[in-house]
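*Asks:* Please read through the structure below; I'll follow up with questions.
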Amino acid sequence: MQRGKHSAPTATVRTGRRASAGWMNGVAGPSRPVPGLSAFLTAYPQYGGTACLDGVRAEDYDYLDSGGHVYLDYAGSGLPAQWQLRAGIDPPGRHAPPATAAVCPMSPASSRLVDRTRERVLAHFGASPDEYTVIFTGSATGACRMVGEAYPFRAGTRFVQLVDNHNAVNGIREFARAQGAAIETVGLAEADLRGDDDAMHAALRSPASRFGMLRRRSGETRGLLAYPAQSNFTGVRHPLGWIEAAHAHGYDVLLDAAAHVPTDPLDLSRIKPDFMPVSWAKFFGYPTALGCLVARREALARLERPWFSTRDRSSGAIGDWFQLTSDDAAARNGAAGYRSIPDIEVGLYRLGQIGADTIRTRVRCLTGWLLDRLTSARHSGGAPLVRVYGPADLTDRGGTVAFSFLDEGGLVVDERLVARDAAAHGITLRTGCFANPGAAESAFAAIQAKDRSLAFRPYPDFAEDHLDGLAAPSGGAVRVSIGPATDLADIARFLEFGFATYLDPTRAARKPVR
């Protein structure tokens, strides 16, 4: 049937059946209307160029629509595609022992698959194998720990950290502290929780940049700067220019890329972090227990491992000696996840077929629309429905949006209540501080407490007592994060849920649990 000339176009949502044509053609399955599509396409016409992702959704993630589920926690974990879950993808040698574990015909095949995956990872990030190497770990946290426990911290060196760091990165400061290094923390701007650029440059200059550059030329470093390319709390993208500035002042740089690269890869031919932790669970959702450290060979050689592994030479307990291997293979402690590592190569190939620009555009359009609708929503008395933590527009941000629902009096709706309500509506999102206490404290202005000293004490027996002492308005935020499989219907359904549940005074009787 031909649509009338004044009829609004409709968006599509899959019903669980396969698309009749391949996903490369951008063809989706049977559809139903999505309200607001015309206004959305007027504001974000680039969305139309991402149609192939509708085919991907229909073919690889049809279990979402068949189960009536909306998934909005890509900053926590990606979702496995159907092709990953099917047993048909089983490269030869994938289930063989690694080459380090046995001498058998299958071991070289397994080793080649891992090496080929390592090459694919470097190519995905534009990293030269002459300059960078890849060390597979159990998680991005494991990659951070590998750097922290082996970095040559000592008295006279410094660990500079952004307050907006995941706890996996925060933990490095304890290695630095134990070795006598100085700790310096750079704060965030109050308005949109971006890293304070002036404070960062001042921290890198202090105490004397000339001294730092002399140490750098002599092969030593002043210390380590650690910060995220994208905040896992607010979605803010912090300046990549800090890497070059840190190098100029004699620092190595650990750039936490876990939240950034699943939807927007970084190009290591242009930016040069020394250490870059990555979580493959956030890319594909499968395998879940696998990360890696992308490391510059020059910086890797500076690490002083306090342990030896299967790659090093050692005696038994009687001889009590060991000799560390000097090449980058020495840091590959054992063969963690070797059976799952080849899945990364296949996943990156699939992403390459879709195209980074396509994913980046879709995530950006949907994030913009979500922010537009949330920030414009008002209770009948004119009070805003939400408070956004971080940028309220698309300037230098990714697809993670943290916010609180507010009642008509401006009080925060308990995030635990939101989590329960969302789950009852088949919506997966995340609530809390997202293992990023520094960003949470900045977002909730916890340091401006009636008793500031409480912010620097260990947690009491009850977290609620801590929050009361800090006069914090909430113990956590609501986080919606968008990924490659998200479509407009998902965002529309979340907005419909949020407006129907928390908008207008009739909902005020639902007092916050806290």
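Readers should treat all values here as calculations from the given coordinates under stated rules, not as data from a laboratory. Being a predicted model, the structure only gives us computed values, none of them experimental. Because the Cβ atoms are built from the backbone with ideal geometry, glycine has one as well, and the counts that use them run over all protein chains shown.
*Asks:* Got a sec? How would VAL56, VAL163 order by Cβ neighbour count within 10 Å, fewest to most?
*Replies:* If I rank by nearby Cβ atoms, fewest first, I get VAL163, VAL56.
*Asks:* Same structure, new question: Between SER66 and SER38, what length comes free when the chain is fully extended (0.36 nm per residue of separation minus the Cα-Cα distance, one decimal in nm)?
*Replies:* That pair, SER66 and SER38, stretches by 7.5 nm at full extension.
*Asks:* Still on this structure: Subtract the Cα-Cα distance of THR375 and ALA289 from 0.36 nm times their separation in residues, and report this length gain in nm to one decimal.
*Replies:* Working it through step by step, the gained length comes to 27.3 nm.
*Asks:* When the chain is fully extended, how far beyond the present Cα-Cα distance does SER206 get from ALA123, taking 0.36 nm per residue of separation?
*Replies:* So the chain would gain 26.2 nm between SER206 and ALA123.
*Asks:* On to the next question. Assuming R0 = 35 Å, can you tell me the calculated FRET efficiency for the pair ARG116 and ARG302, based on Cβ-Cβ distance, to the nearest 0.05?
*Replies:* Using R0 = 35 Å, I get an efficiency of 0.80.
*Asks:* Hey, another quick one. What FRET efficiency comes out for ARG270 versus ALA191 if R0 is 30 angstrom and r is the Cβ-Cβ distance? Round to the nearest 0.05.
*Replies:* Given R0 = 30 Å and the Cβ-Cβ separation, E is 0.55.
*Asks:* Separate question: Run the quick spin-label model on GLN46 and ASP504: label points 7 Å from Cα toward the beta carbon, then report their separation in nm to one decimal.
*Replies:* Rounded to a tenth, the inter-label distance reads 3.6 nm.
*Asks:* Also, quick follow-up: Among 118-127, 483-492, 378-387, how do they line up by average Cβ neighbours within 10 Å per residue, starting with the highest?
*Replies:* 483-492, 118-127, 378-387
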